[in-house]
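The values are calculated or read from the model by the stated rules, or taken from the named source; none is laboratory data. A quick note: this is a predicted structure, and the numbers were derived from the prediction, not measured. Cβ: placed from backbone, ideal geometry, glycine included. Neighbour counts: every protein chain shown.
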Ligand code: BTN
């Protein structure tokens, strides 16, 4: 009996020692050792006098798979501590589109623009493999699915989920290798790892497995939605448009008024030198302002 097999037997309610011994045909001392190993590897297994159980909301396969309503999320690799789920998914060479890797903790979580994504236990960290059929609006589609699933906060261009008070709740990372698209999502569910971050738990109580299943189901429909509907939904949740922004790109700093989105999801900014189209960068939000600019109207509905 491997620790993984033992993990697959657990649920959120106690399984007694006697039951575990009976089912696995293993002595309690050996079970206790395997459970300890699972804990050391980062799995949220609770071991006490009555027996063993999973922490509430744990997205172990036996908890997550029954909640999945669509194609996304299968096959599923559920891991304890890993460097990061993006690299695990990249290394999974035979993974088909829809494959999901989730880790309980990342030691080298990757954020956008070379940043570190702090990944303590209690949050959601996962990577989903998508096929080449995704379009340039993918970050917007994912953002809408995420804000719908969390039911909290707003979207900051290009793809940050912010709490109502502006602290960061979640982030989206899109990486590509040939025709494979690796979508990485991190959501602070229980723990805000930085002073500038928020945890979803501050706003509503949420079970990670349910949140993940809701997100995958929502994403599946947003992936096939026509672009005009995606733009409208993203704008409904946006706190970017109509604000003064400072954008740091790899090459320059652009200041202006965020007017609209362009046809490929780029941000259209009115600057003192004219209209700029920004495809990537870090946005700092300033004051809201009425968008009454003669250049508006070039974006999407
Ligand atoms: C951002 O900078 O806002 C994007 C953060 C993306 C973090 C997620 S967590 C799961 C996946 N693995 C990683 O290393 N990064 C992404």
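All of 77, 69, 105 fail the test of being in contact with a helix residue (DSSP H, G or I) (Cβ under 6 Å, 6 or more places away or on another chain) and over 15 Å from residue 130 (Cα atoms), apart from 69. Determine, yes or no, whether residue 174 is within 12 Å of the ligand (Cβ to nearest atom), in a helix (DSSP H, G or I) and farther than 26 Å from residue 270 by Cβ. In short, no.
Taking region 235-247 as the range and being more than 20 Å from residue 153 (Cα to Cα) and in contact (Cβ under 8 Å) with a residue 40 or more places away in the chain as the test, only 246 passes.
A quick yes/no check of all residues on (1) in a strand (DSSP E or B); (2) in contact (Cβ under 8 Å) with a residue 40 or more places away in the chain; (3) touching a helix residue (DSSP H, G or I) at 6+ places or on another chain (Cβ under 9 Å); (4) buried (at least 21 other Cβ atoms within 10 Å of the Cβ):
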{"position": "181", "(1), (2), (3), (4)": "yes, yes, yes, no"}
{"position": "191", "(1), (2), (3), (4)": "no, yes, yes, no"}
{"position": "213", "(1), (2), (3), (4)": "no, yes, yes, yes"}
{"position": "222", "(1), (2), (3), (4)": "no, yes, yes, yes"}
{"position": "228", "(1), (2), (3), (4)": "no, yes, no, no"}
{"position": "233", "(1), (2), (3), (4)": "no, yes, yes, no"}
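Would you check if there is a residue in region 18-36 being in contact with a strand residue (DSSP E or B) (Cβ under 7 Å, 6 or more places away or on another chain), within 19 Å of residue 209 (Cα to Cα) and modelled with pLDDT of 95 or more? There is no residue in region 18-36 that is in contact with a strand residue (DSSP E or B) (Cβ under 7 Å, 6 or more places away or on another chain), within 19 Å of residue 209 (Cα to Cα) and modelled with pLDDT of 95 or more.
Surrounded by 14 or more Cβ atoms within 10 Å (Cβ to Cβ), touching a residue at least 24 places away in the same chain (Cβ under 8 Å) and more than 18 Å from residue 159 (Cα to Cα): is that true of residue 254 in this structure? So residue 254 fits the description; yes. Would you mind stating whether residue 7 is within 14 Å of residue 104 (Cβ to Cβ) and either under 25 Å from the mean Cα position of the chain (by Cα) or surrounded by 13 or more Cβ atoms within 10 Å (Cβ to Cβ) (or both)? So residue 7 passes the test. Within region 177-190, the set of residues being within 20 Å of residue 147 (Cβ to Cβ) and more than 9 Å from the ligand (Cβ to nearest atom) comprises 188, 189, 190.
Restricting region 87-133 to residues that are modelled with pLDDT under 95 and within 14 Å of the ligand (Cβ to nearest atom), the residue that is surrounded by the most Cβ atoms within 10 Å (Cβ to Cβ) is 112. Tell me whether region 65-80 contains one or more residues that are part of a helix (DSSP H, G or I), modelled with pLDDT of 95 or more and within 16 Å of the ligand (Cβ to nearest atom). Within region 65-80, none of the residues are part of a helix (DSSP H, G or I), modelled with pLDDT of 95 or more and within 16 Å of the ligand (Cβ to nearest atom). A single entry from 95, 34, 52 fulfils the requirement of being touching a helix residue (DSSP H, G or I) at 6+ places or on another chain (Cβ under 7 Å) and in a loop (DSSP other than H, G, I, E, B): 95.
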